[in-house]
Amino acid sequence: MALTQRFARVTPEYLERCRQSALDSPGAAPGWDPPAADLLDTGWANWGLAAYCRSTGAAPAVAELLDRAVSATYGHTAGFLDHDEVYDGFTDPPRVLDPAEVEKIARELRDVDVAALLAGLPADPVRAAAACGHTDGFDGGVGAYLTQHFVALREFYAGAARRGLCVVVWID
């Protein structure tokens, strides 16, 4: 089973309604149903990009930024979202980044030159995927895959920051 990195943009009020729903419902169901436009799945791409940054040693700050963005290391665990309505329960419960941290991450993501970052990525897809810590094989352009998902992550965070939203992060 492939694990993927998932994100949702929601208001603090929405999170509070989910928390209250989990407290009030017999099955602790949070009533989780963000709009599709506020959901993002980046597969393994941003983990791979962080791993590539670490393996080359060229961009440790970008690796740390990606860790913060995809793992919500400065966020808090949302135990009330620890429910199969939200994710499969295979890993830790979802984490929440508040609007201030979202805005900071969005600003830092904006400054990353992903093309320059990937300039040394091997052209061979198998070697490129391996350089990103992905050993299950990969068909296609690894650089394009990483770029596409990084740009999606950057735009997602920028949209959340513009709207003053929280970002919920989890693995599914």
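The values are calculated or read from the model by the stated rules, or taken from the named source; none is laboratory data. This one's a predicted model, so the numbers in the text were calculated from it and none came from an experiment. Cβ atoms come from the backbone with ideal geometry, glycine included; neighbour counts cover every protein chain shown. What goes into the accessible areas is simple: the full protein's heavy atoms, side chains included, and nothing from ligands, DNA or RNA. Shrake-Rupley method; radii C 1.70, N 1.55, O 1.52, S 1.80 Å.
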- request: Would you mind getting me the FRET efficiency between D84 and E16? Use the beta-carbon distance for r and R0 = 25 Å, nearest 0.05.
  value: 0.75
statement: So T91 and E155, fully extended at 0.36 nm per residue minus their Cα-Cα distance, gain in nm 20.5 nm
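Given an 8 Å cut-off on Cα distances and at least 6 residues of separation, report the relative contact order of the chain as a percent.
Rounded, it is 35 percent for the chain.
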field: Protein-only accessible surface order, largest first, of Y14, Y52 at 1.4 Å
entry: Y14, Y52
message: For the range 26-120, report the % of Cα-Cα distances exceeding 17 Å.
response: 60
statement: Residue-normalised value, i.e. accessible area per residue, for the range 40-171 at 1.4 Å probe, in Å², stands at 46
message: Which three numbers, in whole Å and largest first, are the semi-axes of the equivalent ellipsoid of the range 83-149 derived from its Cα gyration tensor as √(5λ)?
response: 28, 21, 8
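How big is the chain by the Kirkwood estimate over distinct Cα pairs, in Å?
16.6
Hey, got the dipole for the chain? About the Cα centre, +1 on K and R Cβ, -1 on D and E Cβ, debye to the nearest 20?
Dipole about the Cα centre, nearest 20: 500 debye.
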message: Quick one: 3J(HN,Hα) in Hz for the range 6-12, Karplus 6.51/-1.76/1.60 with θ = phi - 60°, rounded, Gly and Pro as x.
response: 10, 9, 9, 9, 9, 7, x
query: For the chain, what % of the accessible area comes from carbon and sulfur atoms, probe 1.4 Å?
result: 54
- prompt: Helix 142-163 sits at what angle to the longest principal axis of the chain, using alpha carbons and giving 0 to 90 degrees rounded to 10?
  reply: 40
field: Residue of G79, G27, G120 that the Gaussian network model of the chain assigns the largest fluctuation, springs spanning Cα pairs under 10 Å
entry: G27
statement: Ranked by GNM mean-square fluctuation in the chain (Cα springs under 10 Å), the top entry among D82, D124, D98 is D124
